[in-house]
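Peer 1: Okay, handing you the structure first.
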Amino acid sequence: MTDPADALAAVFDTAALLAPEERAWQQRARDFAAERIRPTIDEDFERARFAAELVPELGAAGFLGMHLAGYGCAGAGPVSYGLVCLELEAVDSAWRTFVSVQGSLAMSAIRKYGSEEQKAALLPDLAAGRRIGCFALTEPQGGSDPGTMRTVARRDGDDWVLTGSKRWIGLASVADVAVVWAATDDGVRGFVVPTATPGFQAVPIRGKLSMRASIQCDVHLDEVRVPADALLPGARGLSGPFGCLNEARFGIVWGVLGAARACIEAALGHATGRVVFGEPIAARQLVQAKLADMLVEYEKGVLLAMHLGRLKERGALPPVQISVGKLNNVRTAIAIAGTARSLLGGDGVTDRFPVMRHLANLESVRTYEGTDEVHQLVIGRALTGISAFS
Ligand code: TGC
């Protein structure tokens with residue numbers, strides 16, 4: 001029986017689209033995921049365990065903030081970053097999410113908007129995985145509309161005092177530092193808040209049936225006092241956090257294709273070995289049709305991600321194009337995971353295959369960093385010139 005990964009590569013050779021350096025990053029991430037994440041991921045998912053011991057290893061591999069330049073970051077290109085996201089998410093969305101939150105949200109906020117002192121003090125440790133960062137934007141009253149932000153920061157002498165609540169904040173309970181967005185008299189501003197500051201509390205959200213190997217939290221800010229130099233000087237208004245969401249959404253465009261690929265490989269491997277009515281099910285036309293459709297949709301997703309990556313390299317990637325990529329590729333990955341599940345029969349709902357875990361994770365990915373509907377409306381606004389959010 002042909003290895004499913006080889007069969008996929010034989011039909012669609014993505015390596016031909018890549019530079020040697022990009023292939024090297026991809027291979028490094030694939031090896032890391034296979035050796036360090038895959039062996040325990042089913043148990044981590046089952047027990048809702050975040051394997052914190054992997055964080056410095058991700059740093060040593062160069063994956064944290066890898067697309068940022070200087071301050072200990074690798075300065076890799078966007079396609080290399082995308083491929084790393086893809087390979088990590090091929091094992092579990094939790095670890096692409098970790099890399100996204102650390103690198104694309106917390107670190108990119110500091111890199112884009114921080115003072116020289118903030119960058120020098122924080123980025124090398126975050127890149128090495130010696131410290132963990134989180135990004136606190138979303139609030140309980142409605143994550144899709146950060147414009148309703150109720151968290152406030154007020155001046156008190158030279159200090160700032162932050163009060164409010166955030167929800168669904170990845171890694172907050174294990175983070176050393178949080179980038180917190182708050183309303184001020186001068187509009188929305190960002191603050192670098194050490195999580196040990198009195199009044200900062202992060203409580204992991206229980207009962208998740210998705211992203212179980214990752215942590216998302218409620219964050220309570222009760223008169224959290226930080227000095228004046230905690231303010232990110234370069235961000236003013238919601239365009240600040242949205243600039244970071246663009247980076248994270250770009251990683252998702254790539255990452256979910258890893259989950260999709262893993263599901264296709266599982267379905268293909270099963271179909272060629274599973275004999276029903278005297279033949280492998282892969283010999284049935286209905287099964288081949290499903291496999292072909294999955295591959296075609298996956299290929300289209302990769303080509304879209306590649307196109308966006310090449311635009312980003314040239315500094316020519318508008319946010320609406322990222323919305324096209326996030327909307328399409330997450331929907332595609334969910335559809336592929338669902339079809340793969342159907343090909344696996346009853347065992348498809350067990351952890352004998354990674355497919356149900358991917359399917360559950362992808363439902364979170366569909367919701368965070370902009371729901372399907374938010375991205376449809378971003379695209380609709382670009383098409384019509386009319387904002388239909390409210
Ligand atoms: P609006 O309030 O009108 O615009 C505010 C300002 O932002 C600018 N802007 C952008 N800038 C850069 N990139 C983008 N993608 C941008 N989108 C908007 C806009 O030009 C304006 O600038 P200025 O200078 O004029 O003030 O907002 P809008 O009407 O443009 O957008 C509405 C909408 C719905 C698209 C936006 O609110 C949105 O994207 N909502 C979804 C938010 C979202 O994705 N939330 C999930 C975040 S995940 C999270 O917080 C948890 S962290 C992850 C983890 O920890 O796991």
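Peer 1: Return a yes/no flag: does the stretch 294-311 have any residue that is outside the structural domain of residue 208 (by TED's automatic domain parsing), within 12 Å of the ligand (Cβ to nearest atom) and of a type in the set (Ser, Thr, Tyr).
Peer 2: Taking every residue of the stretch 294-311 in turn, none turns out to be outside the structural domain of residue 208 (by TED's automatic domain parsing), within 12 Å of the ligand (Cβ to nearest atom) and of a type in the set (Ser, Thr, Tyr).
Peer 1: State which residue is surrounded by the most Cβ atoms within 10 Å (Cβ to Cβ) when the search covers only the stretch 205-226 and only residues that are more than 16 Å from the ligand (Cβ to nearest atom) and either part of a strand (DSSP E or B) or outside the structural domain of residue 140 (by TED's automatic domain parsing) (or both).
Peer 2: Only one residue fits best here, namely 224.
Peer 1: Based on this model, can you work out whether residue 91 counts as of a type in the set (Val, Ile, Thr) and farther than 14 Å from residue 258 by Cβ? Talk me through it step by step, then tell me what you get.
Peer 2: On the way: of a type in the set (Val, Ile, Thr): yes; farther than 14 Å from residue 258 by Cβ: no.
No: the conditions fail for residue 91.
Peer 1: Please state which of the following conditions residue 163 fails to meet, knowing it meets all the rest: (1) farther than 30 Å from residue 39 by Cα; (2) away from the ligand (no atom under 12 Å from the Cβ); (3) not in a strand (DSSP E or B).
Peer 2: With respect to (1) farther than 30 Å from residue 39 by Cα; (2) away from the ligand (no atom under 12 Å from the Cβ); (3) not in a strand (DSSP E or B), residue 163 is out only on (3).
Peer 1: Exactly one of (1) surrounded by 13 or more Cβ atoms within 10 Å (Cβ to Cβ); (2) farther than 16 Å from residue 86 by Cβ; (3) not hydrophobic (A, V, I, L, M, F, W, C) is unmet by residue 315. Its number?
Peer 2: The one condition residue 315 does not meet is (1).
Peer 1: Still on this structure: If you go through the stretch 137-155 one residue at a time, how many are in a loop (DSSP other than H, G, I, E, B), more than 24 Å from the chain's Cα centre (by Cα) and not basic (Lys, Arg)?
Peer 2: Filtering the stretch 137-155 down to residues in a loop (DSSP other than H, G, I, E, B) leaves 137-145, 149-151.
Okay, now just the ones that are also more than 24 Å from the chain's Cα centre (by Cα), so 150-151.
Filter again for not basic (Lys, Arg), leaving 151.
Residues in the stretch 137-155 being in a loop (DSSP other than H, G, I, E, B), more than 24 Å from the chain's Cα centre (by Cα) and not basic (Lys, Arg): 1 in total.
Peer 1: Take residue 111 and tell me if it is more than 10 Å from the ligand (Cβ to nearest atom), within 22 Å of residue 255 (Cβ to Cβ) and not β-branched (Val, Ile, Thr).
Peer 2: Yes, satisfied.
Peer 1: Output yes when any residue across the stretch 334-346 is within 16 Å of the ligand (Cβ to nearest atom), surrounded by 15 or more Cβ atoms within 10 Å (Cβ to Cβ) and modelled with pLDDT of 95 or more, and no when none is. Working first, answer last.
Peer 2: Within the stretch 334-346, the subset within 16 Å of the ligand (Cβ to nearest atom) is none.
No, that holds for no residue.
Peer 1: Any residue at all in the stretch 286-294 that is under 20 Å from the mean Cα position of the chain (by Cα) and either crowded, with 22+ Cβ neighbours inside 10 Å or of a type in the set (Gly, Ala, Ser) (or both)? Outline the logic, then answer.
Peer 2: Restricting attention to the stretch 286-294, the residues satisfying the condition of being under 20 Å from the mean Cα position of the chain (by Cα) are none.
So far as the stretch 286-294 goes, no, none of its residues is under 20 Å from the mean Cα position of the chain (by Cα) and either crowded, with 22+ Cβ neighbours inside 10 Å or of a type in the set (Gly, Ala, Ser) (or both).
Peer 1: Quick one: in the stretch 271-285, which of the residues that are in contact with a helix residue (DSSP H, G or I) (Cβ under 6 Å, 6 or more places away or on another chain) and in contact (Cβ under 8 Å) with a residue 24 or more places away in the chain is surrounded by the most Cβ atoms within 10 Å (Cβ to Cβ)? Walk me through how you get there before you give the answer.
Peer 2: Filtering the stretch 271-285 down to residues in contact with a helix residue (DSSP H, G or I) (Cβ under 6 Å, 6 or more places away or on another chain) leaves 271-272, 274, 280-282.
Still in the running and in contact (Cβ under 8 Å) with a residue 24 or more places away in the chain: 271-272, 274, 281.
On the way: 271: 21, 272: 18, 274: 16, 281: 19.
The qualifying residue surrounded by the most Cβ atoms within 10 Å (Cβ to Cβ) is 271.
Peer 1: Looking at 286, 238, which one is touching a strand residue (DSSP E or B) at 6+ places or on another chain (Cβ under 9 Å) and either at negative phi or not assigned by TED's automatic domain parsing to the domain that holds residue 166 (or both)?
Peer 2: On the way: 286 fails: touching a strand residue (DSSP E or B) at 6+ places or on another chain (Cβ under 9 Å).
It is 238.
Peer 1: Among the listed residues 360, 382, identify the single one that is more than 10 Å from the ligand (Cβ to nearest atom), among the small types (Gly, Ala, Ser) and buried (at least 17 other Cβ atoms within 10 Å of the Cβ).
Peer 2: Values: 382 fails: buried (at least 17 other Cβ atoms within 10 Å of the Cβ).
That would be 360, the only listed residue that is more than 10 Å from the ligand (Cβ to nearest atom), among the small types (Gly, Ala, Ser) and buried (at least 17 other Cβ atoms within 10 Å of the Cβ).
Peer 1: Within 15 Å of the ligand (Cβ to nearest atom), closer than 27 Å to residue 30 by Cβ and either touching a strand residue (DSSP E or B) at 6+ places or on another chain (Cβ under 6 Å) or not acidic (Asp, Glu) (or both): is that true of residue 73 in this structure?
Peer 2: Details: within 15 Å of the ligand (Cβ to nearest atom): no; closer than 27 Å to residue 30 by Cβ: yes; either touching a strand residue (DSSP E or B) at 6+ places or on another chain (Cβ under 6 Å) or not acidic (Asp, Glu) (or both): yes.
The answer is no for residue 73.
Peer 1: Do you know which residues across the stretch 140-154 are more than 10 Å from residue 182 (Cβ to Cβ) and either of a type in the set (Gly, Ala, Ser) or in contact with a strand residue (DSSP E or B) (Cβ under 8 Å, 6 or more places away or on another chain) (or both)? Show your work before the answer.
Peer 2: Taking the stretch 140-154 as the starting set, the residues that turn out to be more than 10 Å from residue 182 (Cβ to Cβ) are 140-148.
Those that are more than 10 Å from residue 182 (Cβ to Cβ) and either of a type in the set (Gly, Ala, Ser) or in contact with a strand residue (DSSP E or B) (Cβ under 8 Å, 6 or more places away or on another chain) (or both): 140, 142, 143, 144, 146, 147.
Peer 1: Need the failing condition index for residue 351 against (1) part of a loop (DSSP other than H, G, I, E, B); (2) within 16 Å of the ligand (Cβ to nearest atom), just the number.
Peer 2: Just one mismatch for residue 351, condition (2).
Peer 1: Find the residue count for the stretch 244-253, including only residues that are within 8 Å of the ligand (Cβ to nearest atom) and out of contact with any Lys or Arg (no Cβ under 6 Å at 6 or more places or on another chain). Even if it seems obvious, please write down each step before you answer.
Peer 2: Here is the first cut: in the stretch 244-253, the residues within 8 Å of the ligand (Cβ to nearest atom) are 245-246, 248-249.
Filter again for out of contact with any Lys or Arg (no Cβ under 6 Å at 6 or more places or on another chain), leaving 245-246, 248.
Result for the stretch 244-253: 3.
Peer 1: Cβ-Cβ distance below 9 Å, separation of 6 or more or different chains: which pairs start in the stretch 372-390 with a residue that is assigned by TED's automatic domain parsing to the domain that holds residue 249 and within 15 Å of residue 321 (Cβ to Cβ) and end on one that is more than 9 Å from the ligand (Cβ to nearest atom) and among the charged types (D, E, K, R)?
Peer 2: Close Cβ pairs satisfying both conditions: 375/326.
Peer 1: Only residues that are of a type in the set (A, V, I, L, M) and either assigned to a helix (DSSP H, G or I) or in contact (Cβ under 8 Å) with a residue 12 or more places away in the chain (or both): list them for the stretch 302-316, please. If you could, list the steps in order and put the result at the bottom.
Peer 2: Step one: filter the stretch 302-316 for residues of a type in the set (A, V, I, L, M), giving 302-306, 308, 311, 316.
Matches in the stretch 302-316: 302, 303, 304, 305, 306, 308, 311.
Peer 1: Could you say whether any residue in the stretch 177-199 is under 21 Å from the mean Cα position of the chain (by Cα), surrounded by fewer than 21 Cβ atoms within 10 Å (Cβ to Cβ) and more than 30 Å from residue 359 (Cβ to Cβ)?
Peer 2: no
Peer 1: Which one is nearest to the ligand (Cβ to nearest atom) among residues in the stretch 227-243 that are of a type in the set (A, V, I, L, M) and closer than 21 Å to residue 145 by Cβ?
Peer 2: Our first condition is that a residue be of a type in the set (A, V, I, L, M); within the stretch 227-243, this holds for 228, 230-232, 235, 238.
Narrowing the set further to residues that are closer than 21 Å to residue 145 by Cβ leaves 235, 238.
Details: 235: 11, 238: 4 Å.
Step by step, filter the stretch 227-243, then rank; the result is 238.
The values are calculated or read from the model by the stated rules, or taken from the named source; none is laboratory data. Remember, it's a predicted structure, so these values are computed and weren't measured experimentally. Here Cβ is always computed from backbone atoms with ideal geometry, including for glycine, and neighbour counts include all displayed protein chains.
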